[in-house]
Amino acid sequence: MARNVLNNSMGRGILLVAFALGAIGSIAGLMTSERFWFSFLQNSLFVLTLALGAVLFVAFKSVSNAGWATALRRVPEAMMGYVPIGGILLLLVFFGRYQLYPWTNPVPSAHEAGLQLGFKHAWLSTPFFFGRMIVFLAVWSGLIYLMRRASFQQDSDGDVVHTKRRKAYSAIFIVVFGVTFSLASFDWIMSIEPMFYSTIFGFYTISGTLTSSAAAITILVIFLKKRGFLPAVGEKHMHALGQIVMGFATFWAYMWISQYLLIYYANLPEETIYYYRRTSSSGWMAVFILNLFLNWVIPFVMLLPRQVKMNAKWMVAACTIVLAGHWLDLYAMIFPAFFGSPIIGFVDVALTIGFVALFLLVFIKCIGCEELIPRNDPYLEESVEHEDLELVYQLRTETAGDI
Amino acid sequence: MSPNAASKAGVAEGQVVRLSKAGVSIEIPVLIQPGQSDDCVAVALGYGRTKAGRVASGVGANAYPFVEFVDGTFRYEAEDVSIEPTSTFVELAKTQVHQSAEGRPLIMEYSLAEFVSGHLHEESEKQVDLWKPHDFPEHKWGMVVDLNACVGCNACVLSCQAENNIPVVGKDEVRRRREMHWMRIDRYYDEKPDGVTTRFQPMTCAQCDNASCETVCPVLATVHSSEGLNMQVYNRCVGTRYCANNCPFKVRRFNWFLYPHEDAVANLALNPDVTVRTRGVMEKCTFCVQRIEEGKIHARNEGRPIKDGEIKTACQQSCPANAITFGDLKDPESSVSKLRHTKRNYVLLEELNLRQGLTYLGKVRNDGETVGGEPKNGSSL
Amino acid sequence: MRATEPSEKTVRYAAAFFDNEHDLMAIAAEARLRGFEIQDVFTPYPIHGMDRAVGLKRSRLGWIAFVAGALGLISAILLQVWTSAYDWPLNVGGKPFNSFPLFVPVMFELTVLFSGLISIGVLFMMNRLWIMSKKKIFEGVTDDRFILVLKQEDASFDTEKAARLFKKYNAIKVMEGDKFV
Amino acid sequence: MAAVFRDIETVREEEIRLQSEIDRITAHPVYSPLREPLIDESKACSDVTNDISGLLERPASKGWWILFGLSFSLLIAGIVAAINTVYFGIGTWGLNKTVGWAFGITNFVFWIGIGHAGTFISAILYLFGQKWRTSINRSAEAMTLIAVMCAGIFPILHMGRPWLFYWIMPYPNTRGSLWVNFRSPLLWDFFAISTYFTISLVFWYLGLVPDLATARDRATNKARKIFYTVLSLGWNGSNRTWSRYETVYGVLAALATPLVLSVHSIVSFDFATSLVPGWHSTIFPPYFVAGAVFSGFAMVTTLLIPVRKVMHLEGYITVQHLDNMCKITLLTGSIVGLSYLTELFIGFYSGNPNEIFVILNRMGGPYAWAYWIMFSCNAFIPQLFWFKAFRTRIPLILSLCILVNVGMWFERFVIIVTSLHRDYLPSSWAIFIPTLTDVGLLVGSFGLFFTAFLIFLRLFPVISMNEVKGVLHYARD
């Protein structure tokens, strides 16, 4: 029997309406807007990266034996559930490939004659491209399935072997993800401007993914805590999450400045064109600067004081800014290639709402299906505050009673 | 000696061979030279002197014994010379050790037909900077080298060396690839089925506006002047050599040692307008900034603007073929500005967006073809 | 907490030595809750939770570090922009006089340098750590002794109660002294 | 009567409340049963003091003298080479007009890289709450400082006029407006390395003060007493001091974490900002940082394995520690491997002929041997750490770590020399051949490194006693 974490049925209704709005917006956009596929790619990557970042969060937790996060582990584990669904949606860009990826065009313009060069030509071919996409998504989904299964089985049988298995799957996932997500970001985002290349692009995308998913985890944890779930989550978790968001945001800023500074410095035309498109018009320049502020400056300054990290309202505010920043970051990666100025229209709003609603629906479904506290996890004691140890013992005995 | 001749004689580059004919014999090392006829070897005359001072005594071998006096003239060709390889090898002192351009489009060449058709190379795309470029209020010095006119005689290299007090470092240092020439002539062989073509390209500091050497210097020892010159401040230079690494043309020269200037008489030959550089600093072509300043002073004293062609760099002055044109790019009427707007003008390594002051006019090669029935003459270059 | 320090010099004290951190922490907590004034506790290593036991507030050094870092950042910006764009503007490789993105590395480094050095300087000053320091050093505190020091100045100090407390937590040694330097 | 009872009742309630309050305050953390103890469980605080301080109080062993003699003679060779360089000029190195940097900068980047492990251990692992760092952070930080010193020598020596090195500092002067170029990565290096050295030094010293106090309190001989008294700054273990100390330690850790990332990023900017194909690559900053931590960990492991054996520290630096260090080596080595692959992939993807040429020239050009040493030692060898056997058998760990260090030296050599020796204009292509002076300086830097490390072992507690005592009963992986 699925638990309804919304505590009432209205929330789900609103989400369904929002999702419907997104679907309607999509149909409308598909018929009317040249921006549709760009927006579709941006928003589907936005929510997909939130889910993928959650997998990394769980994987890092497992391999580093970080006990503290055990009490809130089910939140990212539920977020992971979105990857297969989001993956299938992402595959729909197949139908928008002519708009999105100029290299799919059988007759490239003179400017893109360089695309006919050997390796790039072979790499960026439609069947290979979408074939890779399917493989990446399938591999991720498979590993996610294994990680989730090992987690839930422990709830019922309490066997330590699941912890070890999760650790193994996590190590595999990190290695696989490092390679595949780098390639995926080159493919899905960088090849929109096929003449541009930057070796750091994969790391850059991963850093944004980590930051925004940590922010999403924080918001969802606070939401669930407010609703009376996650009783074992306390101040130290909020503090740790705050530090993680801040740390990843800084890591993102490091990637951002590395790429920008090096391209600015060397001034090589094949690279500078990327930033020229993003800084030469005042509209895009504003987005460029806003992006830095939303993703790093504001959350960093906000989260510096210790007290803020333990204040739910401030944390939600900072994390929302980070999420808006990630959305804008993807926007600034995808749109400037073809659009001279930044416009956000009905289609963009509808798609954003729709995708977020879908993500939340999947999340609620997933989180409702399992225990909210992995009560047989051997690290659970470490995760709770000293005062709450009683709770753990209580949970553990409940299980013993069940068996 | 051509590559084929060398393989036939079983000798390698640098291997000492004994050339002998009727009692005369000399031992000299082999230099392989593509394009040389397979049936003959060439030996430079004038070496092997015994009383020529510290620098020249005993250098090389005297080939004069091979010269015969026949029918009232000197015969510089000797026939039936035998070549015996010896087991000695020497390392030749060469300023360029890699002879192939590796298929890179460094020296533009057009066939006559292409030239006549007027379609030479792709119009370069407008290149963008992420910042606003600096402007040059009075002058902007530029140079154009016509590869069609250049015969590769090295006169520019020598006159540059004399003008700018460039140290002569000797064989050993050249072998270590440390020659100090500010100007050089790059030469590439293209092996084609029907023989070898040689291309050459005079190369000196291109005085880039977006100079990659300048930005990396920590002490501002190399900066841009308001006249578009890439200046080197010798007494500020601490010698990190970062600039030379980052120069795509490799025209910067480093003083590896304190090169001697202690001979008072020899020092009289130094150009008093040019600093003598000390050990541990970088140096490079300045577009003969001392001559530019002299020209400006003359013009100012006479209260007139500088005339085009009045200022000549040392290399330009000594070029027998007038391949080098120097002048003010701010003046649209100067010959250098006009040459820049011809079709043959191209920028070396344009993809780096360096905005050089030095550009080239591509070479038109007429391999005996005719265009439109008649060889065309008199078309403007 | 800073206010109590200058009076250290004249305080009469009672010190109890323990051989483990748990006893020390418990007695510190109990002594404070029972109204004793704790001069300080001395331990061979920092003990997690001891601040809470003796009722010490969080140090404000974090803010000092922040302010120092901001100072470093501002000096770096001023130094670079002023020298490169105002005092001595030079055309370097065609780049603008104020090449702001290229000033980021030095900005970062000076932020860290100022913040680190100033906060550690303040730490040394606040704790009067310096090479000629002549502080009271209890025997064994740098080895394996855990020491609680109670203030005796106070008229309400109950010697008997203190002795009971020391005994309850198995004090190894108890000593008294008048000057706390 | 009733009032008295009520009073007793109140007192009892009060007592119970008090006791529960005390219990709450003194509750200590619980650890998962899965965690293995890190340090020999039989050790008590006084054992730690005796074991570690005792090492300093005994006279140096014969083995120490032999190693010191060896290292010192290497150092002498380096000093001779350095004098040769400064007296005659950079011409004594094997450089030429095309290859302007080779051994000097390779050594510089190599040592700076080595110098990343210490601060990584003390700062990043501290923030991540990794308790196993306490046994190794002292020696790792000392190694960092020494490595940074070794590194710092090279940028000065490699200058044409090393006696003017101070010109790269921005200082007010009487020569009119005369400043430095804040756009130059070499200048950033100066700021980064001096900041890094300063912060690492104070960080290390801060951690050392309580231990120096221990040494002071145990010192019997006058000279030692004075030495440690001066250095320990009157440390008396007060909780107020500890409290602020911990705060500052945390602040320094939070500062040093991005600092570690920044230093090697800035070193990588030396290359990545330039136009040289094979140098200009945006992935360089994270890739260099990963490489630095990778080589640094390998070097710490290489040093600690003999140290724990000779100084009998097996109870403190256990196989578990080595296992953890190998895991970090594996992680960073994998990031390095991923970066190699990314470089290869993007090189071909870019379609830029110069980029493709560099890759092919590295793989098959005159320095291909160096490339393949680099590739196998850095990308393949550390992958063996996936297997527990390689992480727990000491001879295997030692040999793998040495190979990693060889590989990382060659990585810098490959990046620097193979990119420079054949760049845009084939007319200037040249080969670099090291001279005896080059080799002397490389060897000499190792001499300096080992000499200084051996002196460190004699002067300062090799393990952070105060931190180890603090985690003695909780120290789990």
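The values are calculated or read from the model by the stated rules, or taken from the named source; none is laboratory data. Remember, predicted model here, so these are calculated numbers, not experimental data. Positions of Cβ are generated from backbone atoms using ideal geometry, with glycine treated the same way; all protein chains shown enter the neighbour counts.
Which residues, counting only those in segment D:371-424, are in contact with an Asp or Glu (Cβ under 7 Å, 6 or more places away or on another chain) and buried (at least 24 other Cβ atoms within 10 Å of the Cβ)?
The answer is D:Met374, D:Asn378.
Can you say whether A:Ala312 is closer than 29 Å to A:Lys225 by Cα and either at pLDDT 95 or above or buried (at least 19 other Cβ atoms within 10 Å of the Cβ) (or both), as far as the supplied structure shows?
The answer is no for A:Ala312.
Can you find a residue in segment D:291-310 that is within 12 Å of chain A (Cβ to nearest Cβ) and in a helix (DSSP H, G or I)?
No.
If you check A:Ser212 against the conditions, is it over 22 Å from A:Gln307 (Cβ atoms), crowded, with 19+ Cβ neighbours inside 10 Å and out of contact with any His (no Cβ under 7 Å at 6 or more places or on another chain)?
no
Look through B:Asp146, B:Asp135 and report the one residue that is away from chain D (no Cβ under 14 Å) and free of Cβ contacts under 8 Å to residues at least 24 places away in the same chain.
B:Asp135
Output the residues belonging to segment B:9-45 that are part of a strand (DSSP E or B) and hydroxyl-bearing (Ser, Thr, Tyr).
B:Ser20, B:Ser25
Out of D:Gly129, D:Gly152, I need the residue that is of a type outside the set (D, E, K, R), surrounded by fewer than 24 Cβ atoms within 10 Å (Cβ to Cβ), modelled with pLDDT under 95 and on the phi > 0 side of the Ramachandran plot. Which one?
Selected residue: D:Gly129, the only one of D:Gly129, D:Gly152 that is of a type outside the set (D, E, K, R), surrounded by fewer than 24 Cβ atoms within 10 Å (Cβ to Cβ), modelled with pLDDT under 95 and on the phi > 0 side of the Ramachandran plot.
Would you point out the residue of segment B:259-285, among those that are within 14 Å of another protein chain (Cβ to nearest Cβ) and at pLDDT below 90, that is nearest to D:Leu95 (Cα to Cα)?
Selected residue: B:Tyr259.
So, in segment B:182-197, exactly how many residues are in a strand (DSSP E or B) and at pLDDT below 90?
7
Can you spot a residue in segment D:103-110 that is within 11 Å of chain B (Cβ to nearest Cβ), more than 24 Å from D:Glu467 (Cα to Cα) and either more than 21 Å from the chain's Cα centre (by Cα) or surrounded by 22 or more Cβ atoms within 10 Å (Cβ to Cβ) (or both)?
Checking segment D:103-110: at least one residue is within 11 Å of chain B (Cβ to nearest Cβ), more than 24 Å from D:Glu467 (Cα to Cα) and either more than 21 Å from the chain's Cα centre (by Cα) or surrounded by 22 or more Cβ atoms within 10 Å (Cβ to Cβ) (or both).
For segment D:411-436, which residues satisfy the criterion of being among the basic types (Lys, Arg) and within 9 Å of another protein chain (Cβ to nearest Cβ)?
Matches in segment D:411-436: D:Arg422 only.
Restricting to segment D:138-195, name every residue that is of a type in the set (Lys, Arg) and assigned to a loop (DSSP other than H, G, I, E, B).
D:Arg161, D:Arg175, D:Arg183
Has segment D:346-354 got any residue that is buried (at least 20 other Cβ atoms within 10 Å of the Cβ), in contact with a Gly (Cβ under 7 Å, 6 or more places away or on another chain) and on the phi > 0 side of the Ramachandran plot?
For segment D:346-354, residues buried (at least 20 other Cβ atoms within 10 Å of the Cβ), in contact with a Gly (Cβ under 7 Å, 6 or more places away or on another chain) and on the phi > 0 side of the Ramachandran plot: present.
Have a look at D:Lys97, D:Lys131 and point out the one that is under 26 Å from D:Val248 (Cβ atoms) and basic (Lys, Arg).
Selected residue: D:Lys131, the only one of D:Lys97, D:Lys131 that is under 26 Å from D:Val248 (Cβ atoms) and basic (Lys, Arg).
Considering only residues that are buried (at least 20 other Cβ atoms within 10 Å of the Cβ), at the interface with chain B (Cβ under 9 Å from one of its Cβ atoms) and either out of contact with any Leu (no Cβ under 8 Å at 6 or more places or on another chain) or within 13 Å of D:Leu436 (Cβ to Cβ) (or both), which ones fall in segment D:79-91?
The answer is D:Ile90, D:Gly91.
Considering every residue within segment C:54-66, establish whether at least one is facing chain D (nearest Cβ under 7 Å), under 16 Å from the mean Cα position of the chain (by Cα), free of Cβ contacts under 8 Å to residues at least 24 places away in the same chain and within 26 Å of D:Ser265 (Cβ to Cβ).
Yes: one or more hits.
Take the conditions under 20 Å from the mean Cα position of the chain (by Cα), in a loop (DSSP other than H, G, I, E, B) and not small (Gly, Ala, Ser) and apply them to B:Phe249. Does it pass?
yes
Within segment D:198-228, which residues are under 28 Å from A:Ser258 (Cα atoms), buried (at least 18 other Cβ atoms within 10 Å of the Cβ) and more than 7 Å from chain C (Cβ to nearest Cβ)?
The answer is D:Ser200, D:Phe203.
Which residues, taken from segment B:139-171, are over 20 Å from B:Met282 (Cα atoms), out of contact with any Ser or Thr (no Cβ under 8 Å at 6 or more places or on another chain) and in a helix (DSSP H, G or I)?
Once the filter is applied, which keeps residues that are over 20 Å from B:Met282 (Cα atoms), out of contact with any Ser or Thr (no Cβ under 8 Å at 6 or more places or on another chain) and in a helix (DSSP H, G or I), segment B:139-171 yields only B:Lys171.
Taking segment B:183-218 as the region of interest, how many residues are among the aliphatic types (A, V, I, L, M) and under 14 Å from D:Ser428 (Cβ atoms)?
Of the residues in segment B:183-218, 4 are among the aliphatic types (A, V, I, L, M) and under 14 Å from D:Ser428 (Cβ atoms).
Within segment C:95-132, which residues are among the small types (Gly, Ala, Ser), within 7 Å of another protein chain (Cβ to nearest Cβ) and more than 18 Å from D:Leu186 (Cβ to Cβ)?
C:Ser115, C:Gly116, C:Ser119
Which members of segment A:182-225 meet the condition of being within 14 Å of another protein chain (Cβ to nearest Cβ), β-branched (Val, Ile, Thr) and within 16 Å of the chain's Cα centre (by Cα)?
A:Ile189, A:Thr205, A:Ile206 - these are the residues of segment A:182-225 that are within 14 Å of another protein chain (Cβ to nearest Cβ), β-branched (Val, Ile, Thr) and within 16 Å of the chain's Cα centre (by Cα).
Of the conditions (1) within 12 Å of chain B (Cβ to nearest Cβ); (2) under 17 Å from B:Val216 (Cα atoms), D:Ala192 clears all except one; give me its number.
It fails just one condition, (1).
Go through segment A:205-227 and report how many residues are free of Cβ contacts under 8 Å to residues at least 60 places away in the same chain and over 18 Å from A:Ile174 (Cβ atoms).
Looking only at that region, the number is 1.
Every residue in segment D:51-71 that is surrounded by 15 or more Cβ atoms within 10 Å (Cβ to Cβ) and out of contact with any Lys or Arg (no Cβ under 8 Å at 6 or more places or on another chain), please.
D:Ile52, D:Leu55, D:Leu67, D:Phe68, D:Ser71
Could you tell me whether any residue of segment D:259-277 is without any contact (Cβ under 8 Å) to a residue 24 or more places away in the chain, facing another protein chain (nearest Cβ under 8 Å) and more than 30 Å from D:Tyr424 (Cβ to Cβ)?
No, segment D:259-277 has no match at all.
Just checking, how many residues over segment B:205-246 are within 7 Å of chain D (Cβ to nearest Cβ), hydrophobic (A, V, I, L, M, F, W, C), touching a strand residue (DSSP E or B) at 6+ places or on another chain (Cβ under 8 Å) and not in a loop (DSSP other than H, G, I, E, B)?
Total satisfying the criteria: 1.
Yes or no, residue by residue, for (1) farther than 30 Å from A:Leu45 by Cα; (2) touching a residue at least 24 places away in the same chain (Cβ under 8 Å); (3) in contact with a strand residue (DSSP E or B) (Cβ under 7 Å, 6 or more places away or on another chain); (4) not in a helix (DSSP H, G or I):
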residue: A:Gln154; (1), (2), (3), (4): yes, yes, no, no
residue: A:Arg165; (1), (2), (3), (4): no, no, no, no
residue: A:Ser170; (1), (2), (3), (4): no, yes, no, no
residue: A:Ile174; (1), (2), (3), (4): no, yes, no, no
residue: A:Phe177; (1), (2), (3), (4): no, yes, no, no
residue: A:Leu183; (1), (2), (3), (4): no, yes, no, no
residue: A:Asp187; (1), (2), (3), (4): no, yes, no, no
